[in-house]
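Written below as structure tokens is the structure these notes are about.
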Amino acid sequence: MANLLTYEVHDDVAVVTIDSPPVNALGFDVRQSIIKGFEKAAADADVQAIILACKGRTFFAGADIREFGAAPKSPLLPEVIALIESSPKLTIAALHGTPLGGGLETALACHYRVATADTRVGLPEVKLGLLPGAGGTQKLPRLVGIPAALEIITSGRQIKSAEALELGLVDKLCSGDDLIKDSIDFAKSLIAQDAPRLLVCERNEKTAEHKGKSDIYDAFREKNARRFRGFKSVENIIKSIQLSADLPYDQGLKRERELFTELQQSRDAAAQQYVFFSERETSKIPDIPKTTAVRTIDSVGIIGAGTMGGGIAMNFLNANIPVTLLEQKQDALEHGISVIKKNYQRSVNSGRMTEQALEARMALITPSLDYTDLSSVDLIIEAVFETMEIKKDVFRKIDAIAKPGCILASNTSYLDLNEIAEATKRPQDVIGLHFFSPANVMNLLEVVRGDKSDKDVINTGMRLAKTIGKTPVLSRVGWGFIANRVMKVRGYQTDNLILQGVNPEIIDKVIYDYGFAMGPIAMKDLVGLDVLGRDSTERTVESVLVSMDRLGQKKNGGYYDYDQNRQRTLSPVAIEVIQQVAAEKGIEAVAADEDEILARLLYPVINEGAKVLDEGIALRSCDIDIACIKGYNWPVYKGGPMFWANTIGLEKVLTKLREFEQRFGEAFTPSPYLVRLVEEGKEF
Ligand code: 3H9
């Protein structure tokens, strides 16, 4: 075992320090090292207090998630925690970085906690499909009360140390920049005062008022029903918190462990943990190591102040990066800027932003009608109309004025980035930065690698995503790149099912029940049928509805009619149009149950994902999963289409695709890559 432990004694205070990079996760070796340190301190007659601390960037950031799939190896975390709690000597946790999950649970086993000013604590297990399984659901309510514990554990949010101090989660904030020295001084003052050994598990004054009552939990469930839908871990968390009020600590702890184990064995938790690692994996590009050069981006030019350009601009303003916003006409420019301001104003009105922050962000915008105003910026992003000729024209113009080394980016969703790059004399400086609508909200950024893009340009794009709070996914050039391409096939199949007489409400229900926030047809109505059908010349259900001025939610309803409260009912007009268009196209009705509807909508997404992999557009299947989760809100507890396919079994998916191919044609023809994987008994 590597030596992770440093043991030092300062007069009568022992400091047990663990060093296990990168985040001091509480794996087997770390757990053993803590025990070793505590045993040493226990045996040291001169020692009256023990400080538990970590080296590196953080106090324990939680259990080691990589161990979850393997057989548990003693000492388990609860055993470590029990040992700390049984210490007859004073114990103090010295917190810095992000003591999360099992890390915070370990700290809560100590009598006292000291933290640096920038420490953030939390119990984020919900994000991994779990609950805090080493006493967190029993201890946190005892410290902060039931309502705060419900909010903190079900959200998994990180709490800054000032709030943690207020809540009683930490006892003292470090006054200087030497946490260990401050902790030793604190320990000495506690010894001098003969301070009590405060154990959180022995307290119940904050939970007593809720003992035997269930109203608070029911009200919490009801209030958050929409947010919690589909997340099994939340229900176990609420149940476990309730036990902290209803049962003695030891019994509550035992039940907490059972509820934790139940979740740990679930497919949803496996999916969420896969997503955790995948989110980090997508920024790793095999031929572009982290040491690759990065270009400095201190200023950005954005061409186009429409919905997309404005949304993109907000990302940079939020990151305190000045933006020159360029439009062709003054009124379009003014309108674009007023929309940005309105968006910020909404945040101010809801208390999420201060008026000063709004002003500061708006002050970072330089409006412009002149390309030469972009001559000194470090990055130019084009967000103009999705037409090759227009895009090329814009790139020729920016090539003429941009400074050497400036990155030229296109926000194109479907067009050939290589062709756009060839319109310039510097294709090596061109990349795609593909944002998802609404660009200030959706977390995905597809970084598109042109055939000639320089490695430092790609690396800068990937890093920049992090700066503006997005998850980057690298894509090669190909129609629709990753997310739009694989999700588009769901759209085609939705239209086919509708024309085959499947009730649109049932299609929406199937997708909603799977875990998406909205079904595809309700989504069409929300986006606007005029927007969706803009480029189509074919006579479709949508083109007919648009010709009747049924544009969706924004005007006269679309597939659905809407009342004043936006409650929808399927429109008889739409049903008639569907029947008419189906008759014109000679499409016959086909019966499909809910399982078949789901398979017909989502198995083609898996199949398209397999093609995207085979063509080398995406690097790995996890890139497709993250693109769908972050760009299209694919339910995180399904792990994305490719992970989900593995859980179904690829052979089963392939058999279904072949059956659909026989019945409905080549849209379902399995990707040769999928066939190969099945033949070789492999997974994505
Ligand atoms: C738990 O505690 C259960 C208990 O209640 C009960 C047990 C009985 N394990 O994110 P970064 C890796 S559940 C293993 O890029 P940052 C990560 O994969 C756990 N590995 O850095 C990455 O590896 P690589 C509750 C972990 O500075 C590297 O560390 N805790 C773990 O942006 C750097 O990570 C959590 O859920 C882990 N627990 O953010 C906290 N954590 O370099 C999860 C990280 O190979 N972690 N790694 O890609 C985080 O939220 C962030 O990583 C953190 C640092 C905020 C700590």
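Residues that are within 22 Å of Ala115 (Cβ to Cβ), under 30 Å from the mean Cα position of the chain (by Cα), at pLDDT 95 or above and among the small types (Gly, Ala, Ser) occur at least once in segment 12-32. Restricted to segment 139-162, and to residues that are outside any helix (DSSP H, G or I) and of a type outside the set (Val, Ile, Thr), which residue is farthest from Arg31 (Cα to Cα)? Among those that are outside any helix (DSSP H, G or I) and of a type outside the set (Val, Ile, Thr), it is Gly145. Apart from one condition, Ser183 fits all of (1) more than 34 Å from the chain's Cα centre (by Cα); (2) surrounded by fewer than 24 Cβ atoms within 10 Å (Cβ to Cβ); (3) not in a loop (DSSP other than H, G, I, E, B); the exception is (2). Please verify whether Ala195 is outside the structural domain of Phe643 (by TED's automatic domain parsing) and outside any helix (DSSP H, G or I), treating the condition exactly as stated. Judged against the criteria, Ala195 is a match.
Residues in segment 144-160 that are within 16 Å of the ligand (Cβ to nearest atom) and in contact (Cβ under 8 Å) with a residue 60 or more places away in the chain were compared, and the one that is nearest to Lys211 (Cα to Cα) is Ala149.
Among the candidates Thr540, Thr460, the residue that is surrounded by 16 or more Cβ atoms within 10 Å (Cβ to Cβ), of a type in the set (Val, Ile, Thr) and at pLDDT below 95 is uniquely Thr540.
Residues of segment 6-27 that are away from the ligand (no atom under 16 Å from the Cβ) and out of contact with any Cys (no Cβ under 9 Å at 6 or more places or on another chain): Thr6, Tyr7, Glu8, Val9, His10, Asp11, Asp12, Val13, Ala14, Val15, Val16.
Hey, does segment 437-448 have a residue that's closer than 14 Å to Ile617 by Cα and without any contact (Cβ under 8 Å) to a residue 40 or more places away in the chain? Checked against the condition, which is being closer than 14 Å to Ile617 by Cα and without any contact (Cβ under 8 Å) to a residue 40 or more places away in the chain, segment 437-448 yields at least one hit.
Comparison of Val486, Val457 shows that the only residue that is in contact with a helix residue (DSSP H, G or I) (Cβ under 8 Å, 6 or more places away or on another chain) and farther than 17 Å from Tyr632 by Cα is Val457. Can you spot a residue in segment 564-580 that is within 30 Å of Gly230 (Cα to Cα), within 33 Å of the chain's Cα centre (by Cα) and β-branched (Val, Ile, Thr)? Yes: one or more hits.
Listed here are the residues, each with its yes/no results for (1) charged (D, E, K, R); (2) touching a residue at least 40 places away in the same chain (Cβ under 8 Å); (3) closer than 16 Å to Leu433 by Cβ.
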{"residue": "Gly450", "(1), (2), (3)": "no, no, yes"}
{"residue": "Thr460", "(1), (2), (3)": "no, yes, yes"}
{"residue": "Gly469", "(1), (2), (3)": "no, yes, yes"}
{"residue": "Ile482", "(1), (2), (3)": "no, yes, yes"}
{"residue": "Thr494", "(1), (2), (3)": "no, yes, no"}
{"residue": "Val502", "(1), (2), (3)": "no, yes, no"}
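The set of residues in segment 529-548 that are in contact with a helix residue (DSSP H, G or I) (Cβ under 9 Å, 6 or more places away or on another chain) and not in a helix (DSSP H, G or I) comprises Gly533, Ser536, Thr537, Arg539, Thr540, Met548. In the set (1) closer than 30 Å to Leu474 by Cα; (2) of a type in the set (Phe, Trp, Tyr); (3) crowded, with 19+ Cβ neighbours inside 10 Å, the condition left unmet by Tyr673 is number (3).
The values are calculated or read from the model by the stated rules, or taken from the named source; none is laboratory data. Computed from a prediction, not measured in an experiment: that's the story for all the values here. Virtual Cβ from ideal backbone geometry, glycine too; neighbours counted across all protein chains shown.
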